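Some notes on the structure that comes next.
The values are calculated or read from the model by the stated rules, or taken from the named source; none is laboratory data. What you are looking at is a predicted structure, and each value in this text was computed from that prediction instead of being measured. Note that each Cβ is placed from the backbone with ideal geometry, even for glycine, and that neighbours are counted across all protein chains shown.
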């Protein structure tokens, strides 16, 4: 077999990933917590980088830009809500049409946590969780302030001990009566007193009873609310307000007012207290609805803000004074 030497011309394309592109792809894959750790590690290993101190005022500028973006989105959101409310008024609908009854009614069980609040209001963990205060301690404290007999204290303690994390009574009245060797009527009377404790709706046996207790404690004088809670929760979930109004033979507006009041109640009254230190989930991004569109805002709150060290900036400035070649050599060395 003979070997021969030839020259040939070949055209080809290659994709070469630059170090900057490789770093960008790597950072995009990190979660917020991993990103913070990566930045802190880079600051320890790379003397060129330093963190901007909040005292220098740079954070104020950064936060001001973020707040301006959020305010802009919120203003657009408010305008969209106002336009929606105007349309609802014209079409005979109300704000209750927008309430998510599926989550409110179907998910009121022990799984998950729901907190009451106004629309558009971010949940403050400092307000939601009371430090060092559990639901059991809160109820026991109220029991001690009440004028209970010894037998009532025993039954009350059993009731409080059989509440789930959402404040619902897990044990039945006959079970508690048998356990304490006391009549069911006595247990039921104590239960009614416990249901007057704070938070409203505590020690209820089901969602209907929980909402009815809250309506009574809030002083709501509206028979339509009671009827809707007792008989029309399924229609409420489907937002079939016209059907409810037709069945009750009342104007649609009265049903909408009742629905709005029910939506302000908390289906999980015990969830505002915790026996454990709950670690809130910090999102990587916020998704905010502005009109008919959704905007994504990066959550960089708490992330280290970096800059090139002033020491190396001064070195670069000194190299500039010594000529172009030394400046280029200095840049390559620093990189």
Query raised in the report: In region 215-233, which residue that is touching a residue at least 40 places away in the same chain (Cβ under 8 Å) and part of a helix (DSSP H, G or I) is farthest from residue 200 (Cα to Cα)?
Result: 233
Report summary line: In the set 115, 168, the lone residue that is modelled with pLDDT of 90 or more and in contact with a helix residue (DSSP H, G or I) (Cβ under 9 Å, 6 or more places away or on another chain) is 168
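When only residues in region 287-306 that are assigned to a strand (DSSP E or B) and either modelled with pLDDT under 75 or out of contact with any helix residue (DSSP H, G or I) (no Cβ under 8 Å at 6 or more places or on another chain) (or both) count, which is farthest from residue 44 (Cα to Cα)?
The selected residue is 293.
Give me a count of the residues in region 234-261 that are in a helix (DSSP H, G or I) and crowded, with 17+ Cβ neighbours inside 10 Å. Break it down stepwise before answering.
Looking only at region 234-261, we keep the residues that are in a helix (DSSP H, G or I), and these are 234-237, 241-248, 252-261.
Still in the running and crowded, with 17+ Cβ neighbours inside 10 Å: 235-236, 241, 244-245, 248, 255-256, 258-259, 261.
Adding up the residues that qualify gives 11.
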Query raised in the report: Picking from 174, 199, which residue would you name as being assigned by TED's automatic domain parsing to the domain that holds residue 256 and outside any helix (DSSP H, G or I)?
Result: 199
Query raised in the report: Given the structure, is residue 210 in contact with a strand residue (DSSP E or B) (Cβ under 6 Å, 6 or more places away or on another chain) and assigned to a helix (DSSP H, G or I)?
Result: yes
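Out of 218, 211, report the one residue that is within 14 Å of residue 266 (Cβ to Cβ) and modelled with pLDDT of 85 or more.
Numbers: 218 fails: modelled with pLDDT of 85 or more.
Matching residue, one of 218, 211: 211.
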Requested in this report: Of the numbered conditions (1) in the same structural domain as residue 263 (by TED's automatic domain parsing); (2) more than 17 Å from residue 210 (Cα to Cα); (3) out of contact with any helix residue (DSSP H, G or I) (no Cβ under 7 Å at 6 or more places or on another chain); (4) at pLDDT below 60, residue 185 fails exactly one; give the number of that condition.
Outcome: (4)
